[in-house]
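Working notes, structure below.
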Amino acid sequence: MNKEDELRAEHKELQAKLKDQAFFSTKEYPGVAKRIGELEDVLTLFDERKKVEESKNEAEKIIGDADKDLAELAQQELQENNTKLADIDQKLQEKLVVKDANDERDAIIEIRAAAGGDEASLFAGDLYRMYVRYSETHGYKVELLSQSPSETGGFKEVIFAIRGEGSYRHLKFEAGVHRVQRIPVTESSGRIHTSTVTVAVMPEAEETDVEVKDSDLRIDVYRSSGHGGQSVNTTDSAVRITHLPTGIVVSNQDEKSQIKNRAKAMGILRSRLLQMKIDEEQKELSDARKKLIGSGDRSEKIRTYNFPQDRITDHRIGYSRSNLPGALDGNIDDLIEKLLAYEHQLLSNES
């Protein structure tokens with residue numbers, strides 16, 4: 001059975017499920033409906049290809065049998081059909097490459113200052129603003145979920161959601177260790193410091209993606225505090241959720257409402273649990289794909305921002321460019337597009 005026959009058989013099987021009215025109220029229905037839509041897009045291309053192929057065959061017959069004037073018209077039609085076939089084949093190749101099932105989800109990004117003290121915190125703030133500006137340019141919405149500001153103006157940790165079609169797909173390869181080399185404002189001798197910041201990028205989980213039992217949670221509430229530990233809220237609105245089976249701890253105190261803080265913390269917890277599930281599945285990936293994804297391990301630096309040389313380098317694909325201020329202002333489309341192109345190449349080779 002060739003690929004087209006396989007997809008037509010799958011489409012027929014899924015359509016049969018829709019004949020049962022009870023199926024529409026099941027958890028499985030949204031995924032099946034989405035898959036049917038994907039299959040119909042591909043099958044439409046196969047149908048279109050057959051029509052163009054038939055037209056091409058007719059043109060070839062005319063060229064061989066008809067008079068000169070008619071043959072010239074047929075030759076022109078043949079060229080047009082060849083162009084159409086090449087375009088359809090390109091679209092089919094893109095559609096048939098096995099894609100990340102989470103690509104169309106929204107993204108949850110966690111940025112943490114690592115090595116470098118205040119300078120790392122400041123750069124964590126720079127990266128946060130970079131992603132916010134990138135999102136604004138592409139029509140994505142940003143929601144700040146949790147923050148732990150540093151006294152110097154950056155962040156010890158900041159967690160936020162970026163919502164919009166394909167936001168996870170475009171930002172997933174930002175995960176890993178980002179290294180910055182620059183002269184801190186406080187450095188009087190002009191010595192270059194090297195600091196690191198870790199970035200985690202997770203697909204935002206739906207409630208149905210991972211099962212979280214109430215019995216697996218320990219939920220603590222406490223009074224919110226600001227810089228220096230001073231109270232900023234007179235009620236116990238801050239929430240700390242511990243997922244006992246995994247030891248994952250999520251805290252949130254950004255909202256004045258305990259209910260809102262709990263909802264945000266649960267959202268982050270679900271996304272972390274979904275990412276754990278994805279990490280387990282990715283153990284079977286090729287070394288090249290693993291390198292591209294990035295583990296966030298401190299020894300694994302995916303990108304370097306060198307201010308004295310005005311150079312930004314992505315070590316995974318060996319790509320460098322200048323205009324660091326532009327990158328930090330959100331102009332990172334070239335980096336993202338090259339990473340996605342590299343992923344597509346790897347997937348094509350594995351298909």
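Readers should treat all values here as calculations from the given coordinates under stated rules, not as data from a laboratory. Fair warning: this is a prediction, and the values are worked out from it, not measured in the lab. Cβ coordinates were reconstructed from backbone atoms using ideal geometry, including for glycine residues, and neighbour counts include every protein chain displayed.
Tell me, what is a quarter of the convex hull surface for the C-alpha atoms of segment 3-96, in nm² with one decimal?
7.4
If you take the beta carbon distance between residue 80 and residue 2 as r and set R0 to 35 Å, what does 1/(1 + (r/R0)^6) give as a FRET efficiency, to the nearest 0.05?
Computed FRET efficiency for residue 80 and residue 2: 0.85.
How much FRET efficiency would the formula 1/(1 + (r/R0)^6) give for residue 47 and residue 211, where r is the Cβ-Cβ distance and R0 is 45 Å, rounded to 0.05?
The pair residue 47/residue 211 has a calculated efficiency of 0.65.
If the cut-off is a Cα-Cα distance under 15 Å, which aspartates and glutamates reach residue 61, setting aside same-chain residues fewer than 8 apart in sequence?
By straight Cα distance, residue 61 reaches 53, 69, 72, 77.
So if R0 is 41 Å, what FRET efficiency would residue 104 and residue 55 give, r being the distance between their Cβ atoms, rounded to the nearest 0.05?
0.75
Ratio of Rg to Rh for segment 300-351, alpha carbon only, Kirkwood?
Ratio of gyration radius to Kirkwood radius for segment 300-351: 1.05.
Just grab the label-to-label distance for residue 276 and residue 87, each label 7 Å out from Cα along the Cβ direction, in nm (one decimal).
Once both label points are built, they end up 4.9 nm from each other.
Taking H as built 1.01 Å from N, whose amide H comes closer than 5 Å to the amide H of residue 150, not counting residues under 5 places away?
155, 156
Figure the gain on full extension for residue 141 and residue 340 (residue separation times 0.36 nm, minus the Cα-Cα span) and round it to one decimal in nm.
69.5 nm
From the P(r) of segment 129-170, can you give the percent of Cα pairs sitting at distances over 12 Å?
The proportion of pairs with Cα distances above 12 Å equals 62 percent.
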